[in-house]
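Since the structure comes first, as structure tokens, the remarks are kept for the end.
The values are calculated or read from the model by the stated rules, or taken from the named source; none is laboratory data. What you are looking at is a predicted structure, and each value in this text was computed from that prediction instead of being measured. Please note: Cβ atoms are built from the backbone with ideal geometry, for glycine as well, and neighbour counts cover all protein chains shown.
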Amino acid sequence: MWRQTRKAGTSSVNIRILVVDDFAPWRLFVSSMILREEPEWHIVSEVEDGLEAVNKAKELMPDVILLDIGLDKLNGIEAARQIREIAPDLKLLFLSAFDSMEVVEEALDTGASGYVVKLDAASELIAAVKAVLQGRQFVSSRIRKRISARAANEVLASRSAQAPETEFAGCHEVQFYSDDEVFLESMTQFIGAALKFGNAAIVIATKPHREKLLEGLKAQGVDVDALIQQGAYLPLDAADSLSTFMINDWPDEDRFLESFSKLIESTSKAAKAEHPRVAICGERVALLWAEGKKEAAIRLEQLCNDLAQTRKVDILCAYPSSLHIQEDQPSFEAICREHSAVHAR
């Protein structure tokens with residue numbers, strides 16, 4: 001198929017973009033943001049799995065492909081390799097929740113032009129697309145900050161750099177769940193995995209959910225009673241937890257950080273892992289949302305995001321589908337921007 005090639009540095013009018021991600025709301029978020037910021041660009045297609053991405057790349061020959069890694073049928077890295085074989089001149093830009101150097105390097109080894117962490121999409125994606133179109137490479141700022149300047153240059157130049165040992169920041173993910181079964185399954189897996197590896201866990205939920213989660217963890221063979229006694233597993237009431245840092249219906253940053261720093265420190269000391277992390281899951285944001293305090297909920301997400309970047313914690317937030325957040329596009333986008341990964345079931 002004939003395709004006109006644009007020279008580096010030429011006009012960005014009529015740029016054609018293929019968006020590849022397995023989560024439909026995220027694809028909508030990305031496409032909406034691109035068209036809002038660059039209305040003359042075109043989203044030629046949105047696809048949800050790696051195999052379809054390869055087929056669409058061959059069929060449409062877009063200027064840029066935005067490619068997730070955790071895809072069905074064919075993961076993003078393997079899809080990138082196949083796309084490069086079909087059309088080596090296509091610009092591939094990974095847009096993924098993964099931010100470890102190992103994953104970034106493997107992704108760039110495919111010949112991709114750049115890598116943007118999803119958490120930075122709102123602030124960096126447009127600049128990244130423009131950079132790769134001009135023949136430059138782009139790596140998210142949070143990746144660059146975690147390695148030395150020398151290593152960063154090596155990653156961009158040779159894609160074979162070995163990053164110095166660094167204590168990576170944690171994840172901050174969100175789960176939109178259709179019913180309690182999905183909620184409990186997600187939380188049980190998240191907390192159970194942490195505890196089985198000797199890490200600590202803090203659960204901030206309603207009483208019914210705390211009780212069901214306790215049952216689920218025990219069914220997995222986790223000795224929750226012993227962990228509670230040791231202080232490595234801390235169940236808290238969501239409403240009570242909110243009251244410790246909310247002032248006039250707004251989360252107070254100092255109180256939030258103070259209370260959580262103490263909780264993280266105490267549970268970490270009780271954990272058995274050599275370098276323990278703390279898994280935190282909760283539904284406080286959902287309580288605020290249900291009360292109509294949307295801005296307060298988004299502010300709390302921002303504080304949790306800051307926490308995930310400065311403490312050895314991994315956070316999973318949860319919203320029930322009954323709140324219809326996905327129907328409120330600006331609010332949904334605001335929530336997505338504060339998370340490294342978005343899940344819905």
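Summary of values
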quantity	calculated
Leading residue by the ranking (farthest from residue 33 (Cα to Cα)) among those in the stretch 85-140 that are assigned to a helix (DSSP H, G or I), under 15 Å from the mean Cα position of the chain (by Cα) and without any contact (Cβ under 8 Å) to a residue 40 or more places away in the chain	103
Search result, residues across the stretch 287-311 that are out of contact with any helix residue (DSSP H, G or I) (no Cβ under 7 Å at 6 or more places or on another chain) and on the phi < 0 side of the Ramachandran plot	291, 293, 295, 299, 302, 304, 305, 306, 308, 309, 310
Matching option when the condition is surrounded by fewer than 20 Cβ atoms within 10 Å (Cβ to Cβ) and either among the hydrophobic types (A, V, I, L, M, F, W, C) or modelled with pLDDT of 90 or more (or both), among 230, 162, 137	230
Residue count for the stretch 306-338, restricted to those that are assigned to a helix (DSSP H, G or I), in contact (Cβ under 8 Å) with a residue 24 or more places away in the chain and under 18 Å from residue 33 (Cβ atoms)	10
Hey, residue 341 touching a residue at least 24 places away in the same chain (Cβ under 8 Å) and either surrounded by fewer than 21 Cβ atoms within 10 Å (Cβ to Cβ) or not assigned by TED's automatic domain parsing to the domain that holds residue 193 (or both) or not	yes
Residue check for residue 263: of a type in the set (A, V, I, L, M, F, W, C) and out of contact with any strand residue (DSSP E or B) (no Cβ under 7 Å at 6 or more places or on another chain)	no
Of all residues in the stretch 58-95 being more than 20 Å from residue 118 (Cα to Cα) and among the acidic types (Asp, Glu), the one that is surrounded by the most Cβ atoms within 10 Å (Cβ to Cβ)	63
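Quick grid of which residues meet (1) out of contact with any Gly (no Cβ under 9 Å at 6 or more places or on another chain); (2) at pLDDT 95 or above:
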site	(1), (2)
170	yes, no
173	yes, no
178	yes, no
192	no, no
203	no, yes
